[in-house]
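Computed from the coordinates by the stated procedures, all read-outs in this text should not be read as laboratory data. Model, not experiment: these values are computed from the prediction. Cβ placement follows ideal geometry from the backbone for every residue including glycine, while neighbour counts extend to all protein chains displayed.
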Amino acid sequence: MNENQIRDLLKESIENSLNDFYHERVAPLEKQIIKLGGTVNRNPDEFKFRYFKPINAFKDTSNHFWDDPESNYYKFFSLLFKATLDRRWISIDEPFKIEDVHGYWMGVFGCSTIPLTLKKKDEKVELVRLTEWKGSKVLLVYLIDTLVDLKIISSRRKDITIAENFLIGSDVANLRKSFKGNKSQKPKHFQEIHDMIEEIQNSLD
C-alpha cells in the first residue's frame, strides 16, 4: 500500500467517524432543538474538519507514523505545541484543559483522532475550534508555510485550513502579502520560527 492509498484510507476513516458522530450525537440534539421551537442549520460542511496532511519527513519506520506517539513526526508536533504554548502564542481557555487543546492541535496535523467539541449558539449547534492563535498572525502563517516548504506537512487548501483552525475569520492571503512585500519576503521576528523548528528537530536526533 503506497502513501497516497494510506492517506485516502485515513481521510475515509475520519469522514466515517464524523458521520457516525453526527448521527449518534448531533442528530438527536437537533431533534430536541426543533421540538423546543428552534431552527437547525443543516449545512453539510458545518462539522467539516480540515487538517494538514502528514509527510514522512523524519523517515519514521512506523506504518502509521502520523499517529504513533513514538514516531518523530508525532513527537515533533507535540513539542511544537509545547513551544507555542510556552511562547503564549496559544492559550488554554476555560472550561478546556491543556489535554483538550493538545488533542485538537495534534488532530490538526493528523496525529490523533479529532476531538469534537460542540456548543449551542443562536439556536444552532457548531464545532468549537480550540486552537485559535493568540500570537502574531503573520508568524503563524509563516510557520505553516515553512512546515510545508520543509515537506513535513502538505495541504491543497492551506489558507482555508489555517483560517478554520487557527486564525478564525482572518484573510490569510492578505496576511501573507503583508510580509511577502518586504525586501526579505519574511515577517518581523521570522528567525524565531526557524530557531524553534531547529531546536525541536535537534531534540529528535
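Peptide packing: for 146-158, 97-109, the average count of neighbouring Cβ atoms within 10 Å per residue gives the ranking 97-109, 146-158, highest mean first. Listed by Cβ neighbour count within 10 Å, with the fewest neighbours leading, Thr61, Thr84 appear as Thr61, Thr84. Separation of the alpha carbons by more than 29 angstrom is noted, of Lys134/Lys183; Lys151/Lys177; Lys82/Lys158; Lys59/Lys97; Lys59/Lys134, for Lys59/Lys97; Lys59/Lys134. Counted by neighbouring Cβ atoms within 10 Å, the residues Arg176, Arg88 run from fewest to most as Arg88, Arg176.
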